[in-house]
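Down below is the structure, laid out as C-alpha cells.
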Amino acid sequence: MELIRGKIIGYKIERAKDLGKKQIWYEVEENESIEDCLARMRRDGYMAVGRKEEPVFHLVNGEPTYLRQKIQFKAMDCQDFE
C-alpha cells in the first residue's frame with residue numbers, strides 16, 4: 001500500500017513487506033515545506049531513501065498551464081537501518 005496525504009492506497013506496502021522492507025511514499029503538502037515533510041516522516045519513524053518530482057498542470061482557456069511541482073519522498077522504517 002502507499003501512503004499519500006495520510007490515506008492508504010495501492011499495494012506497495014504489502015509488496016514491500018513481502019520483500020522484508022516497509023516502504024511508503026510521503027507527499028509534500030501544498031502549504032508544507034520540504035523540511036516539515038521530513039520532520040513528519042521522522043515523527044512517524046521513517047527516513048527518506050528516495051525522492052521524485054513531477055509537474056502538476058491545470059487547464060487555462062483549454063491550454064495546460066504549469067501549476068506547481070509535486071514532491072514525494074520514498075521512506076523506509078528507521079528500524080531497517082539499525
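For R51, neighbours were defined as the other residues whose beta-carbon sits under 14 Å from its Cβ, and their charges (Lys and Arg +1, Asp and Glu -1) total -1. What is the sum of charges, Lys and Arg at +1 and Asp and Glu at -1, for the other residues whose Cβ falls under 14 Å from the Cβ of L38? Spelling it out: positives minus negatives among the neighbours equals -1. Sorting 62-71, 27-36 by average packing, meaning the other beta carbons within 10 Å per residue, from highest down gives 27-36, 62-71.
Readers should treat all values here as calculations from the given coordinates under stated rules, not as data from a laboratory. Remember, it's a predicted structure, so these values are computed and weren't measured experimentally. Note that each Cβ is placed from the backbone with ideal geometry, even for glycine, and that neighbours are counted across all protein chains shown.
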